[in-house]
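The values are calculated or read from the model by the stated rules, or taken from the named source; none is laboratory data. All values derive from a computational prediction rather than experimental measurement. Neighbour counts are summed over all protein chains in view; Cβ atoms, including those assigned to glycine, are modelled from backbone coordinates with ideal geometry. For accessibility, only protein heavy atoms count, side chains too; no ligands or nucleic acids. Shrake-Rupley method; radii C 1.70, N 1.55, O 1.52, S 1.80 Å.
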Amino acid sequence: MLSKVKGKLINFDWRQYIVYIAFVIVLIYFSITLAEQGFMTTHNLLNIARQTAMISIMGVAMTFVISSKEIDLSVGSIAALSAITTALTMQAGLGMVTGVLVGLSTGLAIGFVNGYLVTRVAIPSFLVTLAMMMIARGLAMWVSGTAPIPILSDSYIFLFGSGSLLGVPILLIWTLIIAVIGHVILRKFTFGRETLATGGNEMAATYSGIKTNRIKMIVFMASGMMAGLAGMLYAGRLQAGRFTFGEGDELSVIAAVILGGTSLFGGVGTVIGTVIGSVMIGTINNALILQGLDVSQQMVVQGIIIILAVAFGRKKKKA
């Protein structure tokens with residue numbers, strides 16, 4: 001019996017649980033050092049949930065993209081453009097439902113273009129989405145005239161921003177819904193297995209009958225649509241569409257995904273890990289603010305976190 005337990009401990013791969021271990025350590029550390037600043041109060045914890053909701057939602061879709069061995073750098077800019085198109089549609093008097101559909105369609109359309117250029121024109125996703133990041137941001141500035149577009153609908157603000165149900169922030173509810181859907185699809189549906197197979201070995205996946213280009217097209221469209229939803233949540237929370245929404249979010253999203261245990265080299269992905277990674281980054285940023293550190297110092301810490309996550313999360317190659 002003792003030898004079996006010892007064998008299990010030796011074979012235990014702690015790397016796949018690094019984000020959970022680190023998250024617990026971070027919580028314990030800051031709950032002690034920032035006790036007087038109210039770090040562990042319900043108000044502050046819910047504030048962290050609100051602040052990380054958009055990153056978590058985009059991270060769920062990005063998990064699929066990176067698991068398929070691709071990358072999407074345009075999500076932050078898509079969020080801004082979708083927020084602007086939603087706000088402009090509602091400002092034109094077309095109603096909340098139409099505004100929501102337009103916002104989601106904006107993200108979906110850009111995701112389709114990204115997927116088409118990657119799968120049909122064979123341009124590397126890094127270059128495609130880097131260019132789209134600039135195009136979408138430029139369009140957001142252009143159509144808005146660089147001015148904020150106010151949202152006056154109380155229903156929209158409640159459903160996509162500052163509302164709460166039974167004391168639970170609506171942004172947290174959105175995060176949980178998207179995370180559960182993403183986790184179930186990745187783990188229980190054929191599409192999830194095919195996405196991982198595509199990222200693990202695209203040639204082998206193709207020979208086994210998986211339509212890898214179709215998989216990649218869908219994950220890019222999903223990424224665009226979730227970025228569109230994130231932009232609408234930004235607009236609901238701040239009651240306006242702004243071209244500045246999502247600036248730098250692509251790095252935070254990718255950091256959350258990699259920190260959560262998804263392999264940057266494809267074939268391995270975890271939605272739950274991504275959400276934990278997002279919340280962990282948000283928790284650290286929140287704690288740094290409570291400690292009086294500024295944004296530049298937060299960026300330094302976030303960069304160190306990414307390096308450590310990749311370094312400790314990678315498995316050593318067998319000789």
Original post:
Within segment 32-44, which residues are open to solvent by less than 70 Å² (accessible area, probe 1.4 Å), closer than 15 Å to GLY282 by Cβ and not aromatic (Phe, Trp, Tyr)?
Top reply: LEU34, ASN44
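Within segment 61-79, how many residues turn out to be open to solvent by less than 10 Å² (accessible area, probe 1.4 Å) and either farther than 12 Å from PHE243 by Cα or in contact with a strand residue (DSSP E or B) (Cβ under 8 Å, 6 or more places away or on another chain) (or both)?
Adding up the residues that qualify gives 10.
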Original post:
Within the group ALA92, ALA109, which residue is modelled with pLDDT of 95 or more, open to solvent by 50 Å² or more (accessible area, probe 1.4 Å) and over 17 Å from the mean Cα position of the chain (by Cα)?
Top reply: ALA109
Subject >> Among the candidates LEU101, LEU117, LEU166, residue that is open to solvent by 70 Å² or more (accessible area, probe 1.4 Å) and more than 23 Å from ALA240 (Cβ to Cβ) >> reply: LEU166
**OP:** Please list, ordered by first then second residue, the pairs with beta carbon atoms under 8 Å, 6 or more apart or interchain, first in segment 244-258 and more than 15 Å from MET134 (Cα to Cα) and at pLDDT below 90, second not in a helix (DSSP H, G or I) and not acidic (Asp, Glu).
**Re:** ILE258/LEU264
Original post:
For residues in segment 200-239 being among the hydroxyl-bearing types (Ser, Thr, Tyr) and assigned to a helix (DSSP H, G or I), which is surrounded by the most Cβ atoms within 10 Å (Cβ to Cβ)?
Top reply: SER223
Original post:
Just for segment 179-214: of the residues that are touching a helix residue (DSSP H, G or I) at 6+ places or on another chain (Cβ under 9 Å) and farther than 17 Å from SER67 by Cα, which one is modelled with the lowest pLDDT?
Top reply: SER208
Original post:
Within segment 120-163, how many residues are open to solvent by less than 70 Å² (accessible area, probe 1.4 Å), in a loop (DSSP other than H, G, I, E, B) and either under 22 Å from SER68 (Cβ atoms) or of a type in the set (A, V, I, L, M, F, W, C) (or both)?
Top reply: 3
